[in-house]
Amino acid sequence: MIPHVTNEIKEFVLSPALDENGAEADFVLVEIGGTVGDIEGLPFFEAIRQLGQELPRGNSCFVHLTLLPFIKTAGEMKTKPTQHSVKELRSIGIQPDILLCRCEQPIPTEEKRKIGQFCNVRSSAVIQAMDSSSIYTVPLDYHEQGLDREVLDVFGMGDAPEPNLSRWKSIGETLANPDGEVTIAVVGKYTVLKDAYKSLIEALSHGGVANRVKVNLDWVESETFENQDGAAASRLEGVHGILVPGGFGERGSEGKILAAEFARVRNVPYFGICFGMQMAVIEALRNVGGLAGASSTEFGPAAEPVVGLMTEWTQGNQRVERREGDDLGGTMRLGAYEAMLTPGSKIAEIYGSTDIFERHRHRYEVNIGYRDRMEAAGLKLTGCSPDGVLPEIVEREDHPWFVGVQFHPELKSRPFAPHPLFASFIAAAKEQSRLV
């Protein structure tokens, strides 16, 4: 174990944690991922072990997440995996204060007592973490099990007032008893592995909470549209909104273009994110603007390079330059960038502002040189970088809700503060559900 590594980890953990207003946080939650005993995690376990000794008593709390499998054929809950996991943790010098036990069935009182006795924790600190109907009801479940009280006891704050969980209860009530349902088709290329769209899934859920509706996701592999005429129309019939998320590479791109065409022609709410915006632009220029050769240079040489590799952009006060053939990671436009919105546009109305900052992760960009052709095809450019060089947002004025954005708004959405684009998109889908 190299001391410099553990020192760096400790220094990072102890660095000031600031909230969005710049105030320092009262508590810092540090997650050490992986499994106890994995070689990759040893420096991190050693670092927090040292922190537990270096911080004043009552200033640290170790919570250990374990598994309590239930053997259905035997009708029995097994505590040995938890006991063994705690034994491994204690062997490297960490005694957990609280055990958070993942389980499918309620933990019997006797089993709690047994776990506490053999893992050297109070039975009240053995917290049942059963499967929950939604991630947003987990705080309520943990409160019911007494996790917050146990944590406060470790910190010597047992006289703290009861927490205000009204916002969590409101979300739980909305999820359990929505006013209606909408179906959103997510037309992507990684739909087999839905975790690839985890932020997107949660942002759509936030939009549903904002509109008191349940959001059902219909996962569509975009390649399936490319092999059969009319497949897109048949598959997307009856959905209340279409979302085409980000992605890289040519595979499935034609299917996404067909999804954008269906949304445009059938007046179905369309939300294109990053790659999804680019495909909407290509669709408009091909099918409305008369540019049959419209494509992206990401797919190879293009007769009409509507989408191309970015060569330069502004980052803060500096000009960033990249060229074809540069290291791919170096060409990525990453992080928060400013965008200026057209006053009076739908997007400015949604944001309630004409100056926004959003997070980016892309290396190809819509070609500003095609702006006039795009707008002649009905696709208005209503958001640009401050220098007017990089298109950020497109929308159709002749459509109930058709928006494409180059950035990733899902990364800024929160359950108590749904991103305005997702709230507006789900509101449009809710209206569409009344028309279908």
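The values are calculated or read from the model by the stated rules, or taken from the named source; none is laboratory data. Being a predicted model, the structure only gives us computed values, none of them experimental. Please note: Cβ atoms are built from the backbone with ideal geometry, for glycine as well, and neighbour counts cover all protein chains shown.
Among all residue pairs at least 6 apart or on different chains, which show Cβ distances below 8 Å where the first residue, located in the stretch 65-76, is hydroxyl-bearing (Ser, Thr, Tyr) and the second is part of a strand (DSSP E or B) and at pLDDT 90 or above? Here the result reads Thr66/Leu99; Thr66/Leu100; Thr66/Cys101; Thr66/Arg102, each pair linking the stretch 65-76 to a residue that is part of a strand (DSSP E or B) and at pLDDT 90 or above. For Glu162, the test of being closer than 20 Å to Phe416 by Cβ, modelled with pLDDT under 95 and not assigned by TED's automatic domain parsing to the domain that holds Arg90 is failed. Just wondering, is there one or more residues in the stretch 382-398 that are surrounded by fewer than 19 Cβ atoms within 10 Å (Cβ to Cβ) and under 24 Å from Arg266 (Cβ atoms)? Checked against the condition, which is being surrounded by fewer than 19 Cβ atoms within 10 Å (Cβ to Cβ) and under 24 Å from Arg266 (Cβ atoms), the stretch 382-398 yields at least one hit.
Answer with yes or no whether Leu421 is in the same structural domain as Gly247 (by TED's automatic domain parsing), aliphatic (A, V, I, L, M) and more than 29 Å from Val182 (Cβ to Cβ). First the steps, then the outcome.
Values: in the same structural domain as Gly247 (by TED's automatic domain parsing): yes; aliphatic (A, V, I, L, M): yes; more than 29 Å from Val182 (Cβ to Cβ): no.
No: the conditions fail for Leu421.
Got a sec? Which of Leu55, Leu51, Leu68, Leu100 is closer than 21 Å to Ile39 by Cβ and not polar (S, T, N, Q)? On inspection, the qualifying residue turns out to be Leu51. For a quick check of your reading of the model, give me the residue pairs whose first member lies in the stretch 421-435 and is among the charged types (D, E, K, R), whose second is assigned to a helix (DSSP H, G or I), with beta-carbon atoms closer than 6 Å and at least 6 apart or on different chains. Going by the 6 Å Cβ cut-off, the qualifying pairs are Lys430/Asn211. Residues in the stretch 368-388 include none that are of a type in the set (Phe, Trp, Tyr) and touching a Ser or Thr at 6+ places or on another chain (Cβ under 8 Å).
Among residues that are surrounded by fewer than 23 Cβ atoms within 10 Å (Cβ to Cβ) and either assigned to a loop (DSSP other than H, G, I, E, B) or of a type in the set (S, T, N, Q) (or both), Ser424 is not included.
Checking the conditions here, which among Leu193, Leu236, Leu147, Leu200 is within 24 Å of Arg359 (Cβ to Cβ) and buried (at least 19 other Cβ atoms within 10 Å of the Cβ)? So that I can check it myself, show each step before the final result.
On the way: Leu193 fails: buried (at least 19 other Cβ atoms within 10 Å of the Cβ); Leu236 fails: within 24 Å of Arg359 (Cβ to Cβ); Leu147 fails: within 24 Å of Arg359 (Cβ to Cβ).
After applying the criteria, what remains is Leu200.
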